[in-house]
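Notes for the one structure printed next.
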Amino acid sequence: MELVTPLTEVKIVLNDFKRLWADVESDVLASVKTVGESGWYILGSQVRDFESQLAQFWGHSYGIGTGNGLDAIEIGLRALGLQPGEKVLTTPLSAFATTLAIIRAGGKPYFVDVDPSGLMDLEQAEALLQKEAIRFLVPVHLYGHALSLSTLETLKNRYHLSIVEDCAQAIGATHEERMVGTVGQVAATSFYPTKNLGAFGDGGAALTSDPNLATLLQSLRDYGQTQKYVHEHLGLNSRLDEVQAAILKEVLLPKLPQWTKKRQEIAKAYCEGIHHPHLKIPTPLDTHGSVWHLFPIRVPQDKRQRFMDALRGRGILTAIHYPALIPDQPAFLKAFPGEASIDTTLKFPQAKRFTKEVVSLPIHPYLSDDEVSQVIEACHSWDTL
Ligand SMILES: *Cc1c(COP(=O)(O)O)cnc(C)c1O
């Protein structure tokens with residue numbers, strides 16, 4: 001007779017949408033009702049009020065709701081005057097959306113390697129900026145960790161850069177007490193459900209403190225209109241809708257500070273509790289202001305699958321952020337066939353190692369202390385069999 005290992009029930013997931021819904025159901029339904037009864041579903045008072053609350057939270061003068069984070073980056077670059085074929089410096093280790101936005105805005109992506117924490121290596125960025133005439137930068141505050149904002153500021157001033165900061169994973173993150181997204185002319189973020197401020201569907205926002213840029217961003221997300229039926233620009237249809245804005249404003253944004261605190265507590269427990277010769281926690285030097293969108297750890301390449309399987313066997317789900325570099329993606333190589341000959345293992349050795357070693361442990365605001373202990377315990381005993 002064949003022995004079948006029983007499938008362990010998954011208990012600890014990466015994002016617990018069931019618990020989220022149980023927590024917020026009645027408030028969300030009340031927000032939906034308000035919008036339904038208002039009879040106004042696109043670009044009304046809900047979006048306007050949410051935009052100003054978000055801007056206030058962020059310390060920016062203007063928030064501009066968009067359909068998603070990808071579009072927020074694209075219209076940010078377009079508002080900053082990116083010309084077709086112009087070079088844009090970014091990181092090879094991120095959501096594909098970062099580079100896709102650059103390409104959709106007409107830019108030509110340039111990449112530099114990452115540092116040991118997985119974030120764009122700003123020293124290498126500077127070395128490239130010295131050699132190449134690059135005017136645009138899309139830095140990514142990956143995993144919820146802030147890049148050094150003082151270094152970004154220096155680069156911006158020294159090389160006269162136009163910057164759209166990709167804050168999709170880092171809403172509320174700080175570096176030396178300063179909020180991410182306040183160095184670049186534009187900050188972009190996402191309300192995709194898994195993000196730290198995740199809506200019940202798609203959404204995003206661009207933020208700026210420049211009134212002219214704000215006007216342009218507002219126009220670009222709405223068919224390029226400057227007034228009704230006057231189209232000054234070839235814009236997008238990329239609006240945050242009233243229902244998502246109402247839910248974000250009434251229910252989710254007010255919870256963000258406590259959710260962030262919970263993520264930081266879990267990260268602290270993992271950092272202090274996980275000790276295993278094969279597991280490394282690749283944190284930047286300064287994680288004080290991180291909002292821990294993800295909790296990446298590194299496992300030797302030949303042991304990663306075993307590690308993930310062992311945790312799954314105990315009902316703990318993990319994931320990989322990210323399994324491939326953006327310049328190795330088929331769509332990128334089709335768009336830039338000349339890059340196919342580039343060996344990314346040689347060109348971006350650190351980033352490439354990340355794709356082979358990184359594993360994300362569960363970190364979300366609805367994890368219980370007991371579940372955090374179970375994850376830590378599993379990290380200690382996974383290779384004892
Ligand atoms: C999620 C994400 C995006 C894209 O956001 P969408 O709302 O899904 O379009 C862009 N950049 C990063 C780093 C992300 O994590």
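All of the numbers you see were taken from the coordinates with simple rules; none came from a lab. As the structure is a prediction and not an experimental result, all values here were calculated from the model. Reconstructed Cβ throughout: ideal geometry from the backbone, glycine too, with neighbour counts over all protein chains shown.
Key figures
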read-out: For the chain, built as a Gaussian network whose Cα springs stay under 10 Å, the top-fluctuating residue of D71, D222, D286; value: D286
read-out: For the stretch 181-247, the fraction of alpha-carbon pairs in successive 10 Å shells from zero, as %; value: 20, 43, 33, 4
read-out: Evaluated at q = 0.10, 0.12, 0.14 Å⁻¹: base-10 log I(q)/I(0), Debye formula over Cα of the stretch 103-249; value: -0.39, -0.57, -0.76
read-out: Cβ-based net charge around R239, under 13 Å, with every Lys or Arg adding one and every Asp or Glu removing one; value: -4
read-out: Above-threshold pairs, the threshold being 27 Å between Cα atoms, out of K87/K280; K11/K261; K11/K262; K280/K352; K87/K156; value: K87/K280
read-out: Summed side-chain charge close to Y62 - residues other than Y62 whose Cβ falls under 12 Å, Lys, Arg +1, Asp, Glu -1; value: -1
read-out: For the stretch 193-348: Kirkwood Rh in Å [reciprocal of mean 1/r, alpha carbons]; value: 20.2 Å
read-out: Computed over the chain, Kirkwood Rh from alpha-carbon pairs, angstrom; value: 21.7 Å
read-out: Gyration tensor (Cα) of the stretch 1-87, equivalent ellipsoid semi-axes in angstrom; value: 38, 26, 13
read-out: Karplus 3J(HN,Hα) series, Hz, for the stretch 107-116 with 6.51 cos²θ - 1.76 cosθ + 1.60 (x for Gly, Pro); value: x, 10, x, 10, 10, 10, 5, 9, 8, x
read-out: The stretch 55-148: Rg to Rh, with Rh as the Kirkwood radius over Cα pairs; value: 0.97
read-out: 17 Å Cα-Cα reach of K249 towards lysines, excluding residues that sit fewer than 8 places from it in its own chain; value: K33, K195
read-out: Debye equation applied to the C-alpha atoms of the stretch 261-321, log10 I(q)/I(0) at 0.13, 0.23, 0.28, 0.30 Å⁻¹; value: -0.38, -1.12, -1.38, -1.43
read-out: Overall Cα dimensions of the stretch 43-92, principal axis frame, Å, largest first; value: 38, 22, 20
read-out: Per-residue Cβ neighbour rank within 10 angstrom, fewest leading, R158, R48; value: R158, R48
read-out: Cβ-based net charge around R306, under 15 Å, with every Lys or Arg adding one and every Asp or Glu removing one; value: +2
